Each structure stands twice: as C-alpha cells, then as structure tokens.
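Visitor: After the structure tokens below, expect a handful of questions from me.
The values are calculated or read from the model by the stated rules, or taken from the named source; none is laboratory data. Predicted model, so just to flag it, every value in this text is computed and none were measured. Note that we place each Cβ from the backbone using ideal geometry, even for glycine, and neighbour counts take in every protein chain shown. Surface areas here come from the heavy atoms of the whole protein model, side chains and all, with no ligands, DNA or RNA. Shrake-Rupley method; radii C 1.70, N 1.55, O 1.52, S 1.80 Å.
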Amino acid sequence: MLDSQDQAAELEMFRNEVRKLAQKEFAPLAQKIDEEDLMPDHVEGLLGDFGLMQIQVPEAYGGPGGSLTMTCVAKEEIARASFSISHLVGSSDFAVVLPLLHFGTEEQRQKYLPDVATGKICSAVAMTEPGTGSDVSGIKTTAHRDGDDWVINGQKTYITKGDKAKYFMIYARTSDGKGGDGISTFIVESGTPGLTIGKSPKKMGLRGIKSVDLFFDNLRVPAETLVGEEGKGFKNAMTCLNYNRPTVGASALGVAQGALDMALAYAKERVQFGKPIGHHQGIGFLLADMRIQIEAARALLYKVTAMADAGDTAQLAEMAAVAKAFCSDTAMKVTTDAVQVFGGAGYLVETGVERLMRDAKVTQIYEGTSQIQRIIISRAMMAD
C-alpha cells in the first residue's frame, strides 16, 4: 500500500502525463471545435487509449480503477486545453458507472461495466425535462409495469452527449409520491424501439458536445433494466451527484487556469506606456486576484475529492456543493477578468479568450445551478 507521499508523487506524475496529452493533442483543437461545433472523431479514441473515457470503472470489470481525485485531475488539465473535450473524461461515470456501483446488481455490473471499460462508448443521463430543470422531483416522464416489462413515455431535454450515447440512464415516475418519491431509474440502450433522439440547439458555449431532446413513445424495456429499488431513483441520483459535482468543479477550474495562462502570456507581451501591461498595477492586481482565486478553488476541490475517496461521506453532499459552487463562480470571475486583461482584443473571437468566458458560464448552471448549491449548503448548515 502506498503511503501519502508516494500517492502524491503518483498523482503528480499522472497530472503531468495528462497535461502533456492535453497540450499536445487537444489545445490545438479547442478553437476549431468551438467554431465548427463539431468534435473530431479521433478524440474519443485518444482518451480511451489513455484510460480517461473509462477512468472510474473498477479493475474488477476491466477498467483502470481511477479515483475521484484522478478523474478531477484529468478533467482539470484537459479543460485547461479544451473545456468541451473535458466532458468526455469519465463519459459514462454519472450515467452508468456510479449508479451501478452504488445501487445496481452484480448482474448489471457484469453486463454493462466491461463494455464501458473498453473506453469506446459514451453514456448519458436522461433526467432534465422541458418543465423540470432544477426541480428534478417534478419530472413527468412515466414508466408503468406491463408484465415482465416497463413501458416508458415522455420527453427529456438538454441531454448532454445524447447524440452519441450507447446507454441512457432514464429517470421516470413509476408511482405517485411526494417530492422525489416514486421516481425510478432505467438503463436503456440506444436504438431501442420507442426511443427517438432529437436535435441539439446551438449553444452559447460547450460547442462540440451536443445536448439533445429525447422522446419516449411506449419505450418497452425488460424489468432487469431497473437500477436500484423501485421508487428510489431520485434519492439515488442525489447520491451520485455528490460524486459528480466535484468533476464539474474540476472542469471549471481548468477553464479558469487556461484563462489565466492566456492572460498572463498576453500581459507579458502587450506593451503600453513603455512597459508590458502586467507591470501596471491595474493589470497586475487582476492577475494576482485570478491566481488567488484559482489556488483557493484548487485546494478546496481536492480537499473534497480526498474526503470522497477516503469514504468520508458524512458531509459530502454539502462539501460537494461548496466545491462546485466556488469553482464555477471562480471560473466565471477569472475568465471575465481575463477578457478585461486583453482589452479590445479580448472581445475578438480570434484571440480565443472570449470562448473561455462563454464556456465558464454553463458550469454555474448544469449539475445544479449555483443557487441550488447554496440551498443545499444553507440547509445543511441549519440542520447542524
């Protein structure tokens, strides 16, 4: 068993390897992905070969057995190069890996996880609906039992990676209940009759990653596709979110670091009033504040991932919300300040820094808005 010093050294080695991959292979693609709203075909193959698409699949099922901390390191370093590509790291974790590990049967794990472990597939979470975003407990999609099958009807929206997912984790109401009671979870393969994949709208950022509508018209699935106990899907999803929200924070942190990298390089190069603008206090203080915020966010994020990896879950929901909110708010502030450092050039698409500001915004919205995180945090505080 590795001691803490050895673990830190291994993690730093892992970070350096991912950084090399990201800067060599992905950074040159970032602007093109944004402009064309298209993900190059070879990207998933590179991530899969490196063990990053399937990073949290345990070794027992053929995966690399990466920790939450490793997942966040990978997402941070890749988002530093390309926010969009970072969404393919652990691309089935929230949809398939975490629900099956925490709530699935061993038969389900044996059926799906080795497929995910190949690093060749994406999966998607089918939770959000046109009328239910933050209020997940209000979903209208239904599933009713018909003999040995479940029949699902309804619609989902903004389903990230839904265009290329092999597996969908569908949340549907199986009985009446108060709040989240009565919601169940089903794992469904793309191509199943009754499942239709719609178009993706053009987005402000996160280009190259599609967010599609899904339509269920008498989608019939066998009883063994039910994941976890019937009626406990909402509670199970909230548990999985505690492990997934830090990964959103990691991508946000990577975007912030990428923005600081660009701003600092420009501040050293751009000369005004006879010296590089970074030597003027107005710009120098902006850069310093960006550094302070990023370092604070990084320390907080990896405190939370260490807690989760150690199995210390007593305050995980609260602390995952703290990390997600702080990292995403930091990304928005840092990227906005980076555009300011560039001045007029920052408003130009060709410089690339405005892309980071657009990308940062969504981290304050998905996986629970910054306001929802503050509800979670304040309720936890008041319960003490």
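Visitor: Determine how large the accessible area of S251 is when every protein chain is in place; take a 1.4 Å probe and give Å² rounded to the nearest 10.
Guide: Counting only protein heavy atoms, the figure is 0 Å².
Visitor: Put +1 on the Cβ of each Lys and Arg and -1 on the Cβ of each Asp and Glu in the chain; which of Q315, A95, M262 then has its Cα farthest toward the positive end of the dipole?
Guide: It is M262, whose Cα lies furthest towards the positive end.
Visitor: Then there's this: Between the stretch 204-257 and the stretch 292-355, how far is it from one alpha carbon centroid to the other, in angstrom?
Guide: Centre-to-centre distance over Cα atoms comes out at 21 Å.
Visitor: If you take the square roots of the eigenvalues of the alpha-carbon gyration tensor of the stretch 208-262 and sort them as a ≥ b ≥ c, do you get rounded (a/c under 1.5), prolate (a/b over b/c) or oblate? Please list the in-between numbers first.
Guide: Numbers: a/c = 4.77, a/b = 1.93, b/c = 2.48.
Note, shape of the stretch 208-262 comes out oblate.
Visitor: Here's a follow-up. Only Cα pairs within less than 10 Å get springs; with that Gaussian network setup on the chain, which residue of L11, L113, L21 has the largest fluctuation?
Guide: L11
Visitor: Please list R207, R220, R80 in order of solvent-accessible area, largest first, computed with a 1.4 Å probe with all protein chains present. Numbers along the way, then the final one.
Guide: On the way: R207 40, R220 110, R80 60 Å².
Largest to smallest exposure gives the sequence R220, R80, R207.
Visitor: Quantify, in whole percent, the carbon and sulfur part of the accessible surface of the stretch 335-375 (1.4 Å probe; protein heavy atoms only). Before the final figure, lay out each step's value.
Guide: Values: 1130 of 1820 Å².
Its accessible area is 62 percent carbon and sulfur atoms.
Visitor: Could you rank M357, M204 by how accessible they are, 1.4 Å probe, largest area first? Working shown, then result.
Guide: On the way: M357 60, M204 115 Å².
Ranked list, largest accessible area first: M204, M357.
Visitor: Indicate the gyration tensor shape class of the stretch 286-330 (rounded, prolate or oblate), computed on the Cα atoms with a ≥ b ≥ c the square roots of the eigenvalues: a/c under 1.5 is rounded; otherwise a/b larger than b/c is prolate and the rest oblate. Don't skip to the answer; put the middle values down first.
Guide: Values: a/c = 4.73, a/b = 2.28, b/c = 2.08.
Prolate.
Visitor: Give a quick list of GluC sites (Glu not before Pro) in the stretch 1-54 that DSSP marks as loop, anything other than H, G, I, E or B, with at most 16 other Cβ atoms within 10 Å. Present the calculation step by step, with values, prior to reporting the outcome.
Guide: Numbers: sites: E10, E12, E17, E25, E35, E36, E44; in loops: none.
Filter output for the stretch 1-54: empty list.
Visitor: Something else: Any idea how far the Cα center of the stretch 82-117 sits from the one of the stretch 143-160, in Å?
Guide: 20 Å
Visitor: Within the P(r) computed for the stretch 147-268, what percentage of the Cα pairs occupies the region above 18 Å? Don't skip to the answer; put the middle values down first.
Guide: On the way: 4687 of 7381 pairs.
Here the tail beyond 18 Å accounts for 64 percent of pairs.
Visitor: Anyone know which of Q272, Q108, Q340 comes out most mobile in the 10 Å Cα GNM of the chain?
Guide: Maximum fluctuation in the GNM of the chain, among the listed residues, is at Q272.
Visitor: Classify the stretch 1-129 as rounded, prolate or oblate, taking a ≥ b ≥ c as the square roots of the eigenvalues of its Cα gyration tensor: rounded when a/c is under 1.5, otherwise prolate if a/b is larger than b/c and oblate if not. Kindly include the intermediate steps, with their values, before the conclusion.
Guide: Working: a/c = 2.05, a/b = 1.15, b/c = 1.78.
Cα axes put the stretch 1-129 in the oblate bin.
Visitor: Under a crude label model (7 Å from the Cα following the beta-carbon direction), how far is F273 from K333 in nanometres?
Guide: Taking the two extended label points, one gets 2.5 nm.
Visitor: Which of L11, F83, A380 sits closest to the plus end of the dipole of the chain, meaning its Cα is farthest towards the positive end, when Lys and Arg get +1 and Asp and Glu get -1 on the C-beta?
Guide: Result: F83, furthest along the dipole toward the positive end.
Visitor: OK, next. Of A252, A30, A314, which has the largest mean-square fluctuation in a 10 Å C-alpha GNM of the chain?
Guide: Among A252, A30, A314, the largest mean-square fluctuation in the Gaussian network model of the chain belongs to A314.
Visitor: Accessible area of I365, 1.4 Å probe, to the nearest 10 Å²?
Guide: The accessible area of I365 comes to roughly 90 Å².
Visitor: Ordering T142, T335 by how much accessible area each has at a 1.4 Å probe, largest first, what is the list? Let's see the in-between values first.
Guide: Working: T142 60, T335 0 Å².
Order by accessible area, largest first: T142, T335.
Visitor: Membrane-span-like helices in the chain: DSSP H runs reaching 24 Å or more (Cα, own axis), mean Kyte hydropathy at least 0.0?
Guide: Working: long enough: 4-21 (26 Å, -1.01); 233-269 (53 Å, 0.16); 281-309 (41 Å, 0.59); 316-342 (38 Å, 0.76).
The answer, listed by residue number, is 233-269, 281-309, 316-342.
Visitor: Counting other Cβ atoms within 10 Å of each Cβ, which GluC sites (Glu not before Pro) in the stretch 228-311 have at most 14 and sit in a DSSP loop?
Guide: Working: sites: E229, E230, E269, E295; in loops: E229, E230.
Sites meeting the loop and neighbour criteria: E229.
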